[in-house]
Each structure stands twice: as structure tokens, then as C-alpha cells.
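Heads up: the structure comes next, in C-alpha cells.
The values are calculated or read from the model by the stated rules, or taken from the named source; none is laboratory data. None of the values given here were measured: they were computed from a predicted structure. As a convention, Cβ positions derive from the backbone with ideal geometry for all residues, glycine included, and neighbour counts pool all protein chains shown.
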Amino acid sequence: MTFAFRLADANGDPVPEPGVEFSLGVERLVNAHSFGYDTVTKETGGEGSFEIMFRHTDQDDEELGDTAQLDLDVLDSGMLEVTDLTTVGMLTDDGNSDDRLLDWSDEKGVITSLRLTVPEIYVVASSEGFGARNRARATLTDQYGSGVGSRETIRFESTDPSVTPNGTNRTTNVGGVAALAYRRDSDSGAAELITARHNTHKATARQFWAGRIPAGTSGSGEVIIVDPANNRAVVVAGEDVWLVEYGTADRLQIDSRRVRILTFKEALTVGDKLAFETPSTGTGPNTYTLTNP
């Protein structure tokens, strides 16, 4: 079974911040007998997430009918609030003995859910060639959370008319995974909603296509994505999705105060209001003004 931990803002949108440390408490039990308690420490990667897999192996010659369980608790999340979006009820370790345990079963796995993911939370929009590329990955899972369902049909659909192919079927592999590689031929920004369907199962994922700000443009919007590793942010202003690329040559301000790039980068968070102004000549410094909420 694989657990995925992801940083998110107050709206539930992903925050791609690497290096955030979590400590997990893990205890394995068979017939209520503990085989030890371990502490596992993980850090988020470039997408602000990490995964951890647990495999059950036979211990003490288990027999059919024995009960194998896994107790997983979040011990330390760096003062961040932990929200449980699983169906198994994983909780922070608050001393409550009513925490749910994960039961390993001899029952055969059957398809119970569909999960859809995209590798990046934003892609720079482009109309060059056949457009910018993206990839969506759908996974059929069983009641244990494992990939299952070979040769099943997944249908991928998008709300974006610039996406090709759209309304396309793909077949799952032995792990229940089907992937769609597609392109978007447009240099304008947009928020795309991708849908995967399998019989009665449906899953959605949101993808932001960030358009580069043209010369001689001014405006403002809400920061929805911060990407400090690349000196970037993604801003939504009405229907527009803009890519903000800042550098040492730009005029960077917090409110009306001019700041250095490191200060600007550290202050930039999801939910901020960011105003931008680009010179009409296409050369010279851009002006970015950050207003913290």
C-alpha cells in the first residue's frame, strides 16, 4: 500500500515546496501482537509531496484467518495542519486509542476506485510547433489501495478546446495504470480540468497552463503557485493565468518598498496579490509588486 503526502494551501491546491520534513510513526501488528514501532522521517520533493510504500510480508508463518494490521500516525508535520483525505481514517498521534488500523486481508482485490494525477501542477503555455506537452496518469485501485485491472479502458477528457487529443481511450497495464500524452496548442494561459472515467468511476485533476506576460502589459492577480527553485510564480487574474518570471534585473517590491530578490522570494506565498508591469519595448526591467494578504 502506498501513501502520498502533499502540501496544500487553504483551498486544497498543491504547493510545490521542497524540503518540508515530516515524521511518521509506524507499527506493524499480527493478531494484535506488535512487531515493533519505527519512526520514519521524510522530506517533500520538488512537487511538495512524497510517497511511502508499505508491503506486508508473512511473519511467524501466518495462516489463513490471521489478522495483519498497520498503524500509521503523523508525529511531526512542522507545525502544519494535517488533513486526512483517505477513506481509512489516518490521524495525527493525539493519544486517541480510537485511531483506525489498516487491515491486510486474504480477500482478492477488486477495482474500487480511480485516481488521476498530472506530473506538474503547471505547464508553460506555447503555440510553437504542436504546442506544449503534458501527461495525465490514471490508476485503478482495489480495496487495499493497490493498482489493479489489466486491459481495462480509461477515457480521458479535457475542458480545454486547445488540447489534442481529447476524448481519448487508453488501456491499463497490469498495474491498472493508463497514461495519456497530449499537447495544447495555445500560448494563452488557462486552467484545465482533466477527467478520467472507468465505468461508474470518475476522477479529476486540475492543470494550469501559464501564459507568458506580453510586453507592455500591466495587471494584477492572486498567486496560486509558487516555484522558488525557478524564480517563478503563477498568477490568476479573472480568466487569465500568467507566468511570472522574476530576476535580479527586475524591480521587485513588497507594497511600496523595493526589496532584493531573496526577500521577494521568501515573502512570496500562495494567496498573495501580485501586480505586474512589463515595458512596451520588451526590454528593460519588469516591475512586480507583492501585497501580502
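Of all the criteria given as (1) at pLDDT below 75; (2) over 18 Å from residue 144 (Cα atoms); (3) surrounded by 15 or more Cβ atoms within 10 Å (Cβ to Cβ), the one not satisfied by residue 56 is (2). Of the residues that sit in the range 173-214 and are assigned to a strand (DSSP E or B) and of a type in the set (Val, Ile, Thr), which one is farthest from the chain's Cα centre (by Cα)? Filtering first and then ranking leaves 177. Take the conditions (1) in contact (Cβ under 8 Å) with a residue 40 or more places away in the chain; (2) under 17 Å from residue 53 (Cβ atoms); (3) of a type in the set (Asp, Glu); residue 152 misses just one of them, which is (2). Would you confirm whether or not the range 251-265 contains a residue that is of a type outside the set (Ser, Thr, Tyr), over 24 Å from residue 130 (Cβ atoms) and in contact with an Asp or Glu (Cβ under 6 Å, 6 or more places away or on another chain)? Looking for residues that are of a type outside the set (Ser, Thr, Tyr), over 24 Å from residue 130 (Cβ atoms) and in contact with an Asp or Glu (Cβ under 6 Å, 6 or more places away or on another chain), one finds none in the range 251-265, hence no. From the list 291, 200, 248, 278, the lone residue that is touching a strand residue (DSSP E or B) at 6+ places or on another chain (Cβ under 7 Å) and more than 23 Å from residue 160 (Cβ to Cβ) is 291.
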